[in-house]
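J.: Take this structure first; my questions come after.
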Amino acid sequence: MEAWEANVRKVTPYTPGEQPSGAGIIKLNTNENPYPPAPAVMRALREVEADSLRRYPDPGASVLVEALAARYGLNPSQVFVGVGSDDVLAMAFLTFFNGEKPILFPDITYSFYDVWAGLYGIPFERQPLDADFTIRTEDYCRECGGIVIPNPNAPTGVAKPLAELEDILKANPGVIVIIDEAYIDFGGESALALLPQYGNLLVVQTFSKSRSLAGMRIGYAFGNEKLIRYLNDAKYSFNSYTMSAAALAVGAAAIKEDAYYQGTLQKIVHTRERVKERLGRLGFSFLDSQSNFIFATHPECPAKELFEALKQAKIYVRYFPKPRIDNYLRISIGTDQEMDVLLGFLEGYLQKKC
Ligand code: PMP
């Protein structure tokens, strides 16, 4: 080790899903939306003026903040935006989790949470999911430094009823409770409805999934004015120009395209239910996903083997070599055509090999 390495902040980074490129690939590994963004969103992107790129963007991101506030019936002072919900969540960890007591999140969940906790030196405790992969409310009704719950959870896809989340909020008035709703548009009930009653609630959502804009990097959070002010203080102490001119224009345009996005959402949910039924017939078991992916396991064919075989066939799904879930595949919902190729491959493979 060189001398300067003693002063390095050493972290174990998050491993993002592969982003393979090339012809003929079916990419079902990072929960992207298989449909394009709304046509009006693409127009807004083309119309971004050179002058707005020459200049620094609006640090307050007002056009986007105001569009979000109007769409969700809030005041702009209750809205925070960032570079994808990863950025919003990272800011929220930095801002709100600065105590001695451990923050709580599930043992099987979005694997970025423990990375941010590690980066910022936040103590944390993982709460084991039940045998059926549900989040147990009672595990979160205890003294702690804060709570993060994704709803629906990832990679399981399981949604937690709003009444149970409210029980957790009621039991924790002294800490911030973050509900990560990256997948909420595909199913489940948003905790946004609880915002007026709970000043310690932060609801985080994204444009990456239901609005087909993972490449543009736009995320947002809703909370009471005081929470948002604290978040902005941290943001302005880190990077004031987080949202590019293009992201602001595209995000504001996307908010107005609810009708288009309702259509693509319905298609994805329809495909998801059809794929569940077909996977069931192939002998897979899976959780009742309310998101845009399915977390499935097969009694005879090891998930790792299937993952490798699918990759050979240029079909990318996600495999997590982690305790409790290392015999599962997380399969994002693509178009009907893509899912038919996947199902056809699985059918043939299972007949031959397993
Ligand atoms: N939360 C969860 C549960 C996720 O699965 C993801 C997607 N990787 C994110 C947050 C972050 O998504 P994004 O930064 O694209 O908004």
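J.: Please work out which one of (1) basic (K, R); (2) open to solvent by less than 30 Å² (accessible area, probe 1.4 Å); (3) not in a loop (DSSP other than H, G, I, E, B) is the condition R126 fails and give its number.
T.: Among (1) basic (K, R); (2) open to solvent by less than 30 Å² (accessible area, probe 1.4 Å); (3) not in a loop (DSSP other than H, G, I, E, B), the lone unmet condition for R126 is (2).
J.: How many of the residues making up segment 149-189 are within 16 Å of the ligand (Cβ to nearest atom) and not basic (K, R)?
T.: So the answer is 24.
J.: Just to be sure before I move on: is N33 assigned to a loop (DSSP other than H, G, I, E, B), within 14 Å of the ligand (Cβ to nearest atom), touching an Asp or Glu at 6+ places or on another chain (Cβ under 8 Å) and not acidic (D, E) in the structure I sent?
T.: The answer is no for N33.
Residues checked against (1) within 24 Å of P36 (Cβ to Cβ); (2) in contact (Cβ under 8 Å) with a residue 24 or more places away in the chain:
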site: A254; (1), (2): yes, yes
site: Y260; (1), (2): yes, yes
site: H270; (1), (2): yes, no
site: A296; (1), (2): no, yes
site: Y316; (1), (2): yes, yes
site: D326; (1), (2): no, no
site: E347; (1), (2): no, yes
site: C354; (1), (2): no, yes
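J.: Follow-up question, since we're still on this one. Out of all the residues in segment 34-52, is one or more touching a residue at least 40 places away in the same chain (Cβ under 8 Å), over 27 Å from A259 (Cβ atoms) and not small (G, A, S)?
T.: no
J.: Here's a follow-up. Is it true that R142 is open to solvent by 60 Å² or more (accessible area, probe 1.4 Å) and either charged (D, E, K, R) or in contact (Cβ under 8 Å) with a residue 60 or more places away in the chain (or both)?
T.: Criteria met by R142.
J.: Of the conditions (1) within 28 Å of L202 (Cβ to Cβ); (2) within 16 Å of the ligand (Cβ to nearest atom); (3) of a type outside the set (S, T, N, Q); (4) open to solvent by less than 50 Å² (accessible area, probe 1.4 Å), L28 clears all except one; give me its number.
T.: Only one criterion is unmet by L28, namely (1).
J.: Exactly one condition in (1) open to solvent by less than 30 Å² (accessible area, probe 1.4 Å); (2) within 16 Å of the ligand (Cβ to nearest atom) is false for A214; which is it?
T.: Evaluating A214 over (1) open to solvent by less than 30 Å² (accessible area, probe 1.4 Å); (2) within 16 Å of the ligand (Cβ to nearest atom) leaves (1) as the failure.
J.: Right, another one. Could you count how many residues in segment 113-123 are buried (at least 20 other Cβ atoms within 10 Å of the Cβ) and outside any helix (DSSP H, G or I)?
T.: So the count comes out to 1.
J.: Does Y72 meet the test of being out of contact with any Ser or Thr (no Cβ under 7 Å at 6 or more places or on another chain), within 16 Å of the ligand (Cβ to nearest atom) and aromatic (F, W, Y)?
T.: Considered against the rule, which asks whether it is out of contact with any Ser or Thr (no Cβ under 7 Å at 6 or more places or on another chain), within 16 Å of the ligand (Cβ to nearest atom) and aromatic (F, W, Y), Y72 comes out as no.
J.: Then there is this: Give the number of residues within segment 10-29 that are of a type in the set (D, E, K, R) and modelled with pLDDT under 95.
T.: 2
J.: While we're on this one: Inspect segment 101-112 for any residue being within 16 Å of the ligand (Cβ to nearest atom) and part of a helix (DSSP H, G or I) and give the result as yes or no.
T.: The answer is no, given that none of the residues of segment 101-112 is within 16 Å of the ligand (Cβ to nearest atom) and part of a helix (DSSP H, G or I).
J.: Among the residues of segment 190-200, are any crowded, with 23+ Cβ neighbours inside 10 Å, away from the ligand (no atom under 16 Å from the Cβ) and not assigned by TED's automatic domain parsing to the domain that holds D336?
T.: no
J.: Check whether at least one residue in segment 39-49 is surrounded by 21 or more Cβ atoms within 10 Å (Cβ to Cβ) and either touching an Asp or Glu at 6+ places or on another chain (Cβ under 7 Å) or not assigned by TED's automatic domain parsing to the domain that holds I147 (or both), and report yes or no.
T.: Scanning segment 39-49 turns up at least one residue that is surrounded by 21 or more Cβ atoms within 10 Å (Cβ to Cβ) and either touching an Asp or Glu at 6+ places or on another chain (Cβ under 7 Å) or not assigned by TED's automatic domain parsing to the domain that holds I147 (or both).
J.: Another one. Within segment 250-259, identify whether any single residue is within 16 Å of F80 (Cα to Cα), among the small types (G, A, S) and more than 14 Å from the ligand (Cβ to nearest atom), and answer yes or no.
T.: yes
The values are calculated or read from the model by the stated rules, or taken from the named source; none is laboratory data. None of the values given here were measured: they were computed from a predicted structure. A quick note on method: Cβ atoms are made from the backbone with ideal geometry, for glycine too, and the neighbour counts reach across all protein chains shown. Accessible surface is based on the protein model in full, side chains and every heavy atom, while ligands, DNA and RNA are left aside. Shrake-Rupley method; radii C 1.70, N 1.55, O 1.52, S 1.80 Å.
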